[in-house]
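Below: the structure, in structure tokens.
We did not get these values from a lab; they are worked out from the coordinates using the rules stated. This one's a predicted model, so the numbers in the text were calculated from it and none came from an experiment. A quick note on method: Cβ atoms are made from the backbone with ideal geometry, for glycine too, and the neighbour counts reach across all protein chains shown.
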Number of protein chains: 2
Amino acid sequence: MAAIELFAEQGYHATKTRDIAARIGMSTGAMYAHFRSKEELLFEISLTGHERGFAALAGPTEAGATPSDELAAMVRAFTTYHATFHTIAKIVHYELYGLTEEHLARVLEVRHRTSAWIEDAIRRGVAAKVFSVPGVSAVARALLSLCVDVARWYREDLGETPAQIGELNAELALRMVGAERA
Amino acid sequence: MAAIELFAEQGYHATKTRDIAARIGMSTGAMYAHFRSKEELLFEISLTGHERGFAALAGPTEAGATPSDELAAMVRAFTTYHATFHTIAKIVHYELYGLTEEHLARVLEVRHRTSAWIEDAIRRGVAAKVFSVPGVSAVARALLSLCVDVARWYREDLGETPAQIGELNAELALRMVGAERA
DNA sequence: GTCTATATTTCGATAGAC
DNA sequence: GTCTATCGAAATATAGAC
């Protein structure tokens, strides 16, 4: 979708319906056959992006994995997602104030689910005495920062693949939680 | 400044000159005695914020400090800055696309100075063999993420002081660079 | 479904009185 | 310097022909 690129490049409010129309080679009038308003378009992008981000984070969990492997896999996948879909992720994290109150509530639910998921992973490692952290939720927040902020600075022409950034962040995450190493 | 709060709360483009006027209890006409345009207002906030951020990062360097103490002090101060002035920092990091080309170039120079500063600190630790990192600039980027992203989620009613977040991030930074501990 | 044309609103910025 | 009033441009969204 052209709107995704534009919202991410310039921000939601800076993007005009004419810009979107021009990029896809349509008139503004024709676009309104596909969605009711600009905010609805933002909400659809935002909610889908939130759900896919959570799916990326929650996907790699395997039964029987060690807390370290589990956390590394989560950070690796969540980071890779934020690099690969950095345009959508920018909208997800920086365009919340463009949503209506009802739509905002919908995406906040997903955000809460996301942070709870990573907190639980840390908590399991602490319980198993393989992690040592200054505070579970504070470190969870820091790990989310590490993953999420990738969307702010990542560009395809950086010479680094999303997978490489993911691998780096997985390693850093294990260091941050003080994981005992094999 | 009222504009700072509004730009940070809703974004630059979402903030109307009438909103700013209303918050400070002035008319829009009266405001234009104080600045030439909305973009000029954004630029002033952005440049000042950038410079103060760099000053916070570069301030704590002391002669004779160990690489670990030095890096910890930098991350502590830079994080504390981003929590304390999270409204300004939001503008600094998320409202770059609202600037004119000339003004953008000015702030990009400060940003480059900032990342170079933290890279150098890591490089000194690696040279002294007290840090062990997967890559100097990649880890520098990650450290910046950790500090900068604080501005995205910090709120005063969180029950945590900026200094506490700063202390946490300083500890996490030392873990990330694999600093040898006393 | 897409076009051209336009209705309607709202924006940033200015004019002129005080 | 601040006010009221307003200009001119630009925005979202709609109307009606094809």
Worksheet item: To the nearest 20 debye, what is the magnitude of the charge dipole of the protein assembly as shown about its Cα centre, counting +1 on the Cβ of each Lys and Arg and -1 on the Cβ of each Asp and Glu?
Response: 20
Discussion item. Run the Debye formula on the Cα coordinates of region B:84-128, all scatterers equal and no solvent, and tell me log10 I(q)/I(0) at q = 0.21, 0.31 1/Å.
Written reply: -0.78, -1.04
Fill in: Signed unit charges on C-beta, dipole axis of region B:99-182, positive-most listed residue B:T100, B:G135, B:Q164
B:G135
Item to complete: Find the relative contact order for region B:1-112 and round it to a whole percent, using C-alpha pairs within less than 8 Å whose residues are 6+ positions apart.
Response: 35
Discussion item. Place a point 7 Å from the Cα of A:V126 along the Cα-to-Cβ direction; which residues of region A:66-88 have their backbone N under 16 Å from it?
Written reply: A:67-68, A:71
Practice prompt. If a/c stays under 1.5 just call it rounded; otherwise compare a/b with b/c (prolate if a/b is bigger, oblate if not). Do that for region B:60-170, with a ≥ b ≥ c from the square roots of the Cα gyration tensor eigenvalues.
Written response: oblate
Worksheet entry | Mean residue ellipticity (222 nm) of chain B, computed from DSSP H runs ≥ 4 via -39,500 (n - 2.57), nearest 500 | -22000 deg cm²/dmol
Worksheet item: Over region A:54-123, what is the relative contact order in whole percent, taking alpha-carbon pairs under 8 Å and six or more residues apart?
Response: 41
Fill in: Given charges at beta-carbon only (K, R positive; D, E negative), |dipole| of region B:1-66 in Debye
280
Worksheet item: Put the label 7 Å from Cα along Cα→Cβ for A:G29; what are its distances to the other copies, in nanometres, shortest first?
Response: 4.0
Worksheet item: Give me the Kirkwood hydrodynamic radius of region B:49-112 in Å, from all C-alpha pairs, to one decimal place?
Response: 12.8
Worksheet item: Which of the helices in chain A, when you take each full DSSP H run, stretch at least 20 Å along the axis at their Cα atoms and have an average Kyte-Doolittle score of -0.5 or higher?
Response: A:38-58, A:67-84, A:101-127, A:162-176
Practice prompt. Could you work out which residue, out of B:F35, B:F54, B:F85, moves most in a Gaussian network model of chain B, that is, has the largest mean-square fluctuation with Cα springs under 10 Å?
Written response: B:F35
Response to the item:
Kirkwood Rh for region A:1-76 from C-alpha pairs, in Å, is 14.7
Item to complete: For chain B, with a Gaussian network of springs between Cα atoms less than 10 Å apart, report the residue from B:A58, B:A30, B:A105 with the top mean-square fluctuation.
Response: B:A30
Practice prompt. Taking a cut-off of 26 Å between Cα atoms, list the lysines near B:K90, but don't count ones fewer than 8 places away on the same chain.
Written response: A:K16, A:K38, A:K90, B:K16, B:K38
Discussion item. Once the label point is set 7 Å along the Cα-to-beta-carbon vector, what list of distances in nm do you get between B:A128 and its counterparts in the other copies?
Written reply: 3.6
Worksheet, complete the sentence: Correct semi-axes for the protein assembly as shown, from √(5λ) of the alpha-carbon gyration tensor and rounded to whole Å with the largest first, are 35, 27, 18
Practice prompt. Return the single residue from A:T28, A:T84, A:T161 with maximal mean-square fluctuation; model: Gaussian network over chain A, springs between Cα atoms under 10 Å.
Written response: A:T28
Worksheet item: If you place +1 on the Cβ of every Lys and Arg, -1 on the Cβ of every Asp and Glu, and leave all else neutral, what size is the dipole of chain A about its Cα centre, to the nearest 20 Debye?
Response: 200
Discussion item. Taking 8 Å as the Cα distance limit and 6 or more residues as the minimum spacing, I'd like the relative contact order of region B:37-176 as a percentage.
Written reply: 39
Worksheet, complete the sentence: So, in nm and shortest first, the distances from B:E44 to its counterparts in the other copies, with label points 7 Å along Cα→Cβ, work out as 4.2
